[in-house]
Amino acid sequence: TTLLHALGLPTAVPAAWPVDELLAVMRRDKKAVGGRLRFILPTRLGEVKLFDDVPEPLVRDVLGAR
């Protein structure tokens, strides 16, 4: 934590995230296809899978659950 503070980096997440802004940025991510969100998530140690069927309302709920 001391090093992060010394470098001027955050050590906590904000109390509220701007969900609409985050989703807009996520839609521009290189993994997004046609504005549709895609996630590459770990499924077990050393293994990841691509998920492109995550409903946006669920993503909104998770981002807004602060």
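The values are calculated or read from the model by the stated rules, or taken from the named source; none is laboratory data. Keep in mind it's a predicted model, so treat the numbers as computed, not measured. We place every Cβ from the backbone using ideal geometry, glycine too, and count neighbours over all the protein chains shown.
What are the pairs, 6+ residues apart or on separate chains, where a residue within segment 28-51 that is on the phi > 0 side of the Ramachandran plot has its Cβ under 7 Å from a residue that is outside any loop (DSSP other than H, G, I, E, B) and surrounded by 10 or more Cβ atoms within 10 Å (Cβ to Cβ)?
Note: pairs meeting the criteria are Gly35/Arg27.
Hey, can you tell me all the residues within segment 14-25 that are in contact (Cβ under 8 Å) with a residue 12 or more places away in the chain and either surrounded by 10 or more Cβ atoms within 10 Å (Cβ to Cβ) or aromatic (Phe, Trp, Tyr) (or both)?
Trp17, Val19, Leu22, Leu23
From the residues in segment 35-46 that are in contact with a helix residue (DSSP H, G or I) (Cβ under 9 Å, 6 or more places away or on another chain) and not in a strand (DSSP E or B), which one is modelled with the lowest pLDDT?
Taking the candidates together, the pick is Gly35.
Okay, residues lined up against (1) of a type in the set (Gly, Ala, Ser); (2) within 14 Å of the chain's Cα centre (by Cα); (3) loosely packed, with under 10 Cβ neighbours inside 10 Å; (4) outside any helix (DSSP H, G or I):
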site: Leu3; (1), (2), (3), (4): no, no, yes, no
site: Gly8; (1), (2), (3), (4): yes, no, yes, yes
site: Ala12; (1), (2), (3), (4): yes, no, yes, yes
site: Lys31; (1), (2), (3), (4): no, yes, no, yes
site: Val48; (1), (2), (3), (4): no, no, no, yes
site: Val59; (1), (2), (3), (4): no, yes, no, no
site: Leu63; (1), (2), (3), (4): no, yes, no, no
